[in-house]
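Chemist: I have a structure here, written as structure tokens, and I will follow up with some questions on it.
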Amino acid sequence: SFFIFLCFQYALTHKTENAHEDSIWTCGWGCPKRKKDHPDNEDSRDSIRSNEDEIAEYLVTASVDDSVKVWELKDATLKLKHNLTGYSLGVVSIAISSDGSKCASSSLDSSLKLWDLHSGDKLLSIEVGPVDIWTLVFSPDDKFIVSGSHAGKIHLYGTENGKQEQTLDTRGGKFTLSVAYSPDGKYIASGAIDGIINIFDVAYGKVLRTLEGHAMPIRSLCFSPDSQMLLTASDDGHMKLYDVKDANLAGTMSGHASWVLGVAFSPDGQQFASSSSDHTVKIWELAQRQCLHTFREHKDQVWSVKYNPLRNNIIASVSEDKSINLYECPIYDR
């Protein structure tokens with residue numbers, strides 16, 4: 001194969017120390033178009049160009065300190081834009097809408113909130129009762145927020161009114177630690193504390209496949225951008241790659257010295273990143289299932305890692321050490 005390298009080295013490009021007062025458990029990128037009105041008589045090309053120039057890049061972080069923070073990436077630096085509060089216990093999960101403009105967050109106080117990333121306004125607050133909402137994801141059309149609970153149920157809430165619209169049963173009833181929604185809208189995957197992964201057919205609301213490749217908790221899972229592959233991460237120290245259509249195991253990746261806490265695909269689907277309680281972030285090449293680089297820039301376990309959806313070469317990670325790291329990675333064209 002012939003590769004054209006567009007960026008040449010792995011580098012830590014930014015670090016925010018003490019970004020929160022306590023451990024940072026999750027992060028996510030939102031890259032919405034800024035709200036800007038154009039005159040009706042404006043040239044369409046200028047309008048398109050202006051719109052492209054007006055895309056914001058927000059990194060959202062959530063912490064055990066009971067807060068969610070929205071940071072804006074400008075000139076390779078993170079600047080605090082909003083501090084979203086109102087929780088009585090730690091915030092354990094966030095999800096960013098597909099259009100990048102909204103953030104859903106869930107807390108150990110059994111509340112689910114929906115926020116506008118531009119304004120910082122709270123759009124919706126849902127009290128779900130004595131059920132831990134441990135993990136969240138938006139549907140690709142942004143009509144639903146999907147949550148996983150300690151009772152093993154998957155709940156779908158409407159983003160317009162906050163009503164519970166559907167419940168999916170994992171059958172095993174074990175604590176659901178992770179959920180993912182395929183970009184094509186066909187599947188929801190859930191990972192449980194006992195290592196069991198369920199893939200649901202959304203149209204039928206039924207379990208389509210049950211995967212038993214891990215023997216320990218599934219902390220994170222994600223679909224590839226083309227919805228063809230499912231990547232899973234476990235406390236057993238391994239990551240597994242499954243073909244979604246037939247549920248065949250396509251690969252097992254090892255290399256972390258401890259629990260794998262987070263996984264994320266690059267926007268182009270050629271690479272993925274993993275984070276671990278061994279304090280490292282690793283970058284992997286999908287086709288060969290090889291580790292390309294290891295970042296050792298955190299001092300404690302790294303709870304979450306995410307690619308910037310606009311850039312294949314920018315990654316964020318957050319840690320128990322209360323810091324946020326931004327990395328730049330080599331990218332290439334085939």
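Throughout, read-outs are computed from the coordinates displayed, never taken from laboratory work. Since this is a predicted model, take the numbers as computed values, not measurements. Virtual Cβ from ideal backbone geometry, glycine too; neighbours counted across all protein chains shown.
Chemist: Rounded to the nearest 0.05, what FRET efficiency do ALA257 and THR210 give with R0 = 45 Å and r taken as the Cβ-Cβ distance? Could you check?
Modeler: After rounding, the FRET efficiency stands at 0.95.
Chemist: Moving on. Calculated FRET efficiency, LEU310 and ASN161, Cβ-Cβ r, R0 51 Å, to nearest 0.05?
Modeler: 0.95
Chemist: Let me ask something else about it. Tally Lys/Arg at +1 and Asp/Glu at -1 over every other residue whose Cβ is under 12 Å from the Cβ of ASN248; what's the total?
Modeler: So the surrounding residues net to +1.
Chemist: Related question: Calculate, axis by axis, the spread of Cα positions in the stretch 80-157 along the three principal axes, and write the results as whole Å, longest axis first.
Modeler: So the three principal-axis extents are 35, 30, 17 Å.
Chemist: Which whole-angstrom value gives the distance between the alpha carbon centres of the stretch 260-295 and the stretch 209-248?
Modeler: Their Cα centres are 14 Å away from one another.
Chemist: Compute, for the chain, the length of the dipole vector about the Cα centre, with Cβ point charges of +1 (Lys, Arg) and -1 (Asp, Glu) only. Units Debye, rounded to 20.
Modeler: 460 debye
Chemist: Can you tell me how much longer the chain between GLU285 and GLN9 gets when fully stretched, taken as 0.36 nm per residue apart minus their C-alpha distance, in nm with one decimal?
Modeler: Extending this stretch completely gives an extra 97.9 nm.
Chemist: Residue-wise, which Karplus ³J(HN,Hα) couplings in Hz belong to the stretch 203-218, taking 6.51 cos²θ - 1.76 cosθ + 1.60, θ = phi - 60°, and x for glycine or proline?
Modeler: Rounded to whole hertz, the list is 4, 9, x, 10, 5, 8, 9, 10, 10, 10, x, 10, 10, 10, x, 9.
Chemist: Still on this model: Counting other beta carbons within 10 Å of each Cβ, put LYS113, LYS33 in order, fewest first.
Modeler: Sorted ascending by nearby Cβ count, the order is LYS33, LYS113.
Chemist: Treat each spin label as a single point 7 Å out from the Cα along the C-beta direction, and report the ASP109 to ASP169 distance in nm.
Modeler: The two pseudo-label positions are separated by 3.4 nm.
Chemist: To the nearest 20 debye, what charge dipole does the stretch 122-163 have about its Cα centre, counting +1 at the Cβ of each Lys and Arg and -1 at the Cβ of each Asp and Glu?
Modeler: 60 debye
Chemist: Could you give the nm distance between label points at ASN248 and ASP22, where each point is 7 Å from its Cα heading toward the beta carbon?
Modeler: 4.7 nm
Chemist: A further question on this structure: Taking all pairs of different Cα atoms in the stretch 187-284, averaging 1/r and flipping that mean, what Kirkwood radius in angstroms comes out?
Modeler: Kirkwood hydrodynamic radius for the stretch 187-284: 13.3 Å.
Chemist: Additional query: List the residues whose amide H sits under 5 Å from the amide H of ALA250, counting only those 5 or more places along or on another chain, with H placed 1.01 Å from N in the peptide plane.
Modeler: LEU241, TYR242, ASP243
Chemist: A follow-up question, please. Among the lysines, which fall within straight-line cross-link reach of LYS282, defined as a Cα-Cα distance under 26 Å, with same-chain neighbours fewer than 8 residues apart omitted?
Modeler: In chain and number order, the partners are LYS15, LYS69, LYS74, LYS79, LYS240, LYS299, LYS306, LYS322.
Chemist: Order these by the 10 Å Cβ neighbour count, fewest first: TYR242, TYR87.
Modeler: Ascending number of Cβ neighbours within 10 Å: TYR87, TYR242.
Chemist: Rounded to the nearest 0.05, what FRET efficiency do HIS150 and ALA76 have when you use their Cβ-Cβ distance and R0 = 45 Å?
Modeler: The calculated FRET efficiency here is 0.70.
Chemist: Could you work out the relative contact order of the stretch 75-150, using alpha carbon pairs under 8 angstrom and six or more residues apart, expressed as a whole percent?
Modeler: 26 percent
Chemist: Amide H of LEU292: which non-local residues (sequence gap of 5 or more, or other chain) have their own amide H closer than 5 Å, using H built in the peptide plane?
Modeler: Here ILE283, TRP284, GLU285 satisfy the definition.
Chemist: Can you tell me the mean projection area, over all orientations, of the convex hull of the chain's alpha carbons? Units nm², please.
Modeler: In nm², the orientation-averaged hull projection of the chain is 17.1.
Chemist: Moving to a separate point now. Mind listing the long-range amide H neighbours of LEU117? Cut-off is under 5 Å, sequence gap 5 or more, other chains count too, H placed in the peptide plane at 1.01 Å from N.
Modeler: LYS102, CYS103
Chemist: In a shell of Cβ-Cβ distance under 12 Å around VAL263, excluding VAL263 itself, what net charge do Lys and Arg (+1) and Asp and Glu (-1) give?
Modeler: Net charge around VAL263: +4.
Chemist: Tell me, CYS103, CYS329 in order of fewest to most beta-carbon neighbours within 10 Å?
Modeler: So the ranking, lowest neighbour count to highest, is CYS329, CYS103.
Chemist: Order 146-152, 169-175 from most to least packed using the mean count of other Cβ atoms within 10 Å.
Modeler: 146-152, 169-175
Chemist: Given the alpha-carbon gyration tensor of the stretch 69-108, what are the semi-axes of its equivalent ellipsoid in whole angstrom, ordered largest first, with each equal to the square root of 5 times an eigenvalue?
Modeler: With the √(5λ) rule applied to the stretch 69-108, the semi-axes are 21, 14, 8 Å.
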